[in-house]
Amino acid sequence: MKKANITIKDIAKELGVSPSTVSRALKDHPDISHDTKKEINELAKKLNYQPNTVALSLRQSKTNTLGVIIPEIAHFFFSAVISGIEDIAHDAGYHVIITQSNESFEREVMNTKALFNSRVDGILMSVSRETENYDHLQSLLDYDIPLVFFDRIIDSLNACKVIVNDEQGAYEATTHLIEQGCYRIAHLAGPQNLAISKNRLNGYKAALADNRYMIDDNLIKVCGLGTFEEAESITNEILDYRFPPDAIFANNDVAAYGAMMAIRKKQLKIPEDIAIVGFSNWRFSSLIQPALSSVTQPGFKMGQEATRLLMKQINKAEDEESVTETISLKTNLVVRESSKKI
């Protein structure tokens with residue numbers, strides 16, 4: 001095993017036991033058998049395992065501080081999540097340090113290191129659009145730093161997660177457009193390295209398939225930057241098709257609004273010519289004309305649930321086995337003028 005810093009989890013994986021068993025064995029806990037202790041201690045010596053003093057300090061002396069990493073503080077959804085986080089943290093006597101990646105992988109890594117060095121008791125985070133390497137996050141788990149993902153999660157990492165049912169929300173949005181009589185429904189998808197984008201794309205495809213609609217890959221366009229301008233440009237492209245769409249389901253409300261700008265400039269009518277549904281139900285969704293139909297996300301509740309999960313990890317006994325939980329919250333389709341053809 002070639003690794004600069006051998007962790008308890010490495011030893012556990014090598015021997016096929018739990019990390020808590022390794023931890024207790026190394027501390028000569030009476031619940032661990034003599035043979036198991038011997039095997040674990042021998043492997044630890046062979047691999048030159050050294051307890052990480054910073055990690056031990058974090059576990060043994062609480063700072064009553066939580067770290068939060070989000071893509072954008074200005075995003076209405078994430079501001080609602082922060083409110084939910086602070087609601088639970090305040091009642092538990094914790095302070096919250098909030099950082100934003102600004103959708104940058106490099107800044108996300110820097111924020112992770114800064115929170116680690118600030119000795120926070122645990123971290124809540126939603127990953128950036130650019131994040132495809134997870135070494136900085138696995139490092140936190142290796143050092144037993146409590147970590148909970150919300151909204152934008154990493155499925156491959158063994159950590160607690162709080163999500164909304166993105167696939168079901170997308171399914172309902174697409175089904176609604178079908179029920180309005182739309183038959184060529186385009187999808188402005190999000191970056192496919194994010195699980196939420198994949199799930200919304202899957203919900204869109206499932207709704208088409210269940211209603212015996214053909215899935216046309218030319219009507220699926222990825223908006224990787226997440227800007228109004230990008231969505232407007234992509235919508236212009238599909239509006240110039242020989243057979244343009246008569247509806248658009250957008251991965252988020254920013255993309256939906258960009259699509260609406262393109263449609264207006266083509267002097268087409270919403271929803272008569274093209275119906276539109278977004279996702280997230282930003283505050284501006286009900287204020288623009290026509291008001292945008294959108295799938296709501298319970299941001300405040302997501303923040304609350306994520307913080308409760310983090311508190312459970314922080315307060316568990318040191319030799320207690322960690323339990324990875326995933327909480328899925330329901331979405332709700334809010335129908336407004338942008339999609340009501342019937």
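The values are calculated or read from the model by the stated rules, or taken from the named source; none is laboratory data. Bear in mind the structure is a predicted one, so any value in this text is a computation, not a measurement. Backbone-built Cβ (ideal geometry, glycine too); neighbour counts: all protein chains shown. In case anyone asks, the SASA skips ligands and DNA or RNA and just uses the protein heavy atoms, side chains included. Shrake-Rupley method; radii C 1.70, N 1.55, O 1.52, S 1.80 Å.
A few remarks follow.
- Cα-based shape type of the range 183-235, given that a ≥ b ≥ c are square roots of the gyration tensor eigenvalues and the cut on a/c is 1.5: oblate
- For the range 66-81, backbone phi angles converted through the Karplus equation (6.51, -1.76, 1.60; θ = phi - 60°) give residue-by-residue couplings of 10, x, 10, 10, 10, x, 8, 6, 6, 5, 4, 4, 5, 5, 5, 4 Hz, Gly and Pro being listed as x.
- In Hz, Karplus ³J(HN,Hα) per residue of the range 261-267 (6.51, -1.76, 1.60; θ = phi - 60°; x = Gly, Pro): 5, 5, 5, 4, 5, 7, 6
- Peptide ranges 213-222, 101-110, 186-195, 149-158 listed from the most packed, as the mean C-beta count within 10 angstrom indicates: 186-195, 149-158, 101-110, 213-222
- Taking every alpha-carbon pair in the chain and binning the separations at 10 Å intervals from zero gives 5, 24, 27, 19, 13, 8, 3, 0 percent.
- In this structure the amide hydrogen of GLY122, modeled in the peptide plane, comes within under 5 Å of the amide hydrogens of GLY67, none closer than 5 places in sequence on its chain.
- Note on GLU106 and LYS341: their simple-model spin labels are 4.6 nm apart, each label 7 Å out from Cα toward Cβ.
- Most positive-pole-ward Cα, ALA231, GLY303, ILE327, against dipole of the range 230-342 from beta carbon charges: ALA231
- Taking Cα centre as origin and charging only the Cβ of basic (Lys, Arg, +1) and acidic (Asp, Glu, -1) residues, the dipole magnitude of the range 99-194 rounds to 180 debye.
- With a Förster radius of 35 Å applied to the C-beta separation of LYS312 and LEU47, the computed FRET efficiency comes to 0.70.
- When TYR204, TYR134, TYR94 are compared by accessible area at a 1.4 angstrom probe, the order from most to least is TYR134, TYR94, TYR204.
- For the range 297-342, the dipole from Cβ point charges (+1 on Lys and Arg, -1 on Asp and Glu) about the Cα centre works out to 660 debye, to the nearest 20.
- Simple Cβ-charge dipole of the chain, Lys/Arg +1 and Asp/Glu -1, about Cα centre, in debye nearest 20: 80
- From the largest down, the range 44-168 spans 50, 34, 27 angstrom on the principal axes of its Cα atoms.
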